[in-house]
Structure formats: structure tokens, C-alpha cells
Amino acid sequence: MAYEKERLLMVEAQLRARGIKDERVLSAMEEIPRHLFVSEDLKEMAYDDRPLPIGEDQTISQPYMVALMTELLRLKGDEKVLEIGTGSGYQTALLSRLASRVFSVERIAALALKAEKALDELHCGNVKISVSDGTLGLPGEAPYDGIIVTAGAPEIPQAYIGQLKTGGRLVIPVGSRYSQVLQLVQKTSSGIIVTESTGCVFVPLLGKEGWG
Ligand code: SAH
């Protein structure tokens, strides 16, 4: 199969060497063909240590950032997960392997359509993509065990806290339009615990509860 060596190298040099430990995340990233989520002219760079453009001024995140965010969700396999910002669908494909059901929201219809095609090709049958303003979450399918937001927010939209199960985990970059800090939000029976992870740079989360 194409790019197998590149994928293994990506996992060892970019992920394991930098401290990603969740074996389920590592093996899913070793399996999922990332090159199917970028355009033909960028396939050779699909396993490089960087984000790449996916059209519509959006990007597929750097592999390490994808791994780190996914690891923070601590998925065991039986969870219902909400993803905000489908983009290329690469992160969605990983979640599809690691959780039982995945709902993903994208505001740009053209990206959602392309992502859907790639996910169909990989037989990710437990994924449903919606086109809407993800700053409002996806109330119809709530509550979720995990919520992952792959665009930068000015602050944490309240809808996400409301749609998270008690015991659930939310991973979201929060900060200015041009740089953010990755936050892990845990919803416990006695309240919310926020833990800051690394600095990061995401495209803006645009919408009613995001950037105007
Ligand atoms: N996880 C994606 C990252 C895509 S970049 C990947 O790996 O390819 C972030 C995406 O968030 C963009 O596609 C952008 O259109 C989308 N986005 C921004 N604001 C949004 C909103 N309010 N609701 C849904 N999607 C949004």
C-alpha cells in the first residue's frame, strides 16, 4: 500500500518521539492514509511535520497536533464524539476508528462534501457530517462523551459544556485570532476543570459563539 513507510516514520519521529503514548491513537495514525485527505499536488507532503492547505483558506492540522488532541480525549472505543470543523475529514477518520459514533460539523459545504467522499472510501460508516454553525454544537445528538474543536475560539462556547456528559472531555484551542492555547475541559459532577496544554495556531472558529 502507498506511503506505508512514510506513515510509520511519521508515527515514530513526530508522535512517539514527542511523547504521544496512547497506542490506539498511534496505530490509527499508522493506518489511516492521510494522503487521501489532501489534493493530488500535495500528496508527497501529506506525512510532513506541518499543516497543509485544503482549499477554502482552511488547513489540515499538523499530525502531532491531531495526535495530541485525540489523545487528550482518552477514547476507549464506546464513546459518542462530536467534532467541530470537519475540514478534510482526516481527524474525523481517526475518531471513526477510535470511538463508536462520530458527529462532525463543518460550516463550508464544499469541504463537508469532499470529506464525506474520502470517509466513504475508507468505509467510515459510523460518521455523520452536518453543515451548520458548529459554535452552537449539535444539540440534536447531545450529550457527548467527547467534543473536539479543530478551529480556534475566542472563548469556550457555552453550548459545548451543556452538550458534554458528566465525565466527558472537551478539547479546544482558545485564544486570539492568530494564536491559541489548547485547553482540556473536564465536566465533573462538582463542576468544570480546565487544564492548559500546548500553544497552537488554528484557523478561526467562525460563527455566532465564535469569531464574527
Ligand atoms: N480537523 C480538520 C481541520 C480543519 S481546519 C482537518 O484535519 O482537516 C478547521 C475547520 O473548521 C475548517 O474547515 C473551517 O471551515 C471549520 N470551521 C470554522 N468555524 C466553524 C464553525 N462555526 N462550524 C463548523 N466548522 C467551522
Segment GLU4-VAL201, extension gain: residue separation times 0.36 nm, minus the distance between their alpha carbons: 68.1 nm
Per residue, in Å², the accessible surface of the chain once ligands and nucleic acids are set aside, probe 1.4 Å: 46
Cα-based Rg of segment 4-200 normalised by 2.2 N^0.38 Å, two decimals: 0.95
Loop-resident sites, segment 105-212, for chymotrypsin sites (Phe, Trp or Tyr not before Pro), counting at most 10 other Cβ within 10 Å (DSSP): TYR178
Summed side-chain charge close to LYS76 - residues other than LYS76 whose Cβ falls under 15 Å, Lys, Arg +1, Asp, Glu -1: +2
Distance (nanometres) between label positions extended 7 Å along Cα→Cβ at SER130 and GLU44: 4.2
At R0 = 25 Å, FRET efficiency that the Cβ-Cβ distance of SER100 and ILE193 yields, to 0.05: 0.50
Where Rh is the Kirkwood radius over Cα pairs, Rg/Rh for segment 64-126: 0.95
Largest-first ordering by accessible area, 1.4 Å probe, given options LYS114, LYS187: LYS114, LYS187
Amide H partners (placed H, <5 Å) of LEU164, local residues excluded: TYR144
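The values are calculated or read from the model by the stated rules, or taken from the named source; none is laboratory data. In this text the structure is predicted, and so the values were computed from the model without any measurement. Glycine gets a Cβ as well: all are built from the backbone with ideal geometry, and neighbour counts include every protein chain shown. Each accessible area value is taken on the protein alone, full model and side chains, heavy atoms only, with ligands, DNA and RNA left out. Shrake-Rupley method; radii C 1.70, N 1.55, O 1.52, S 1.80 Å.
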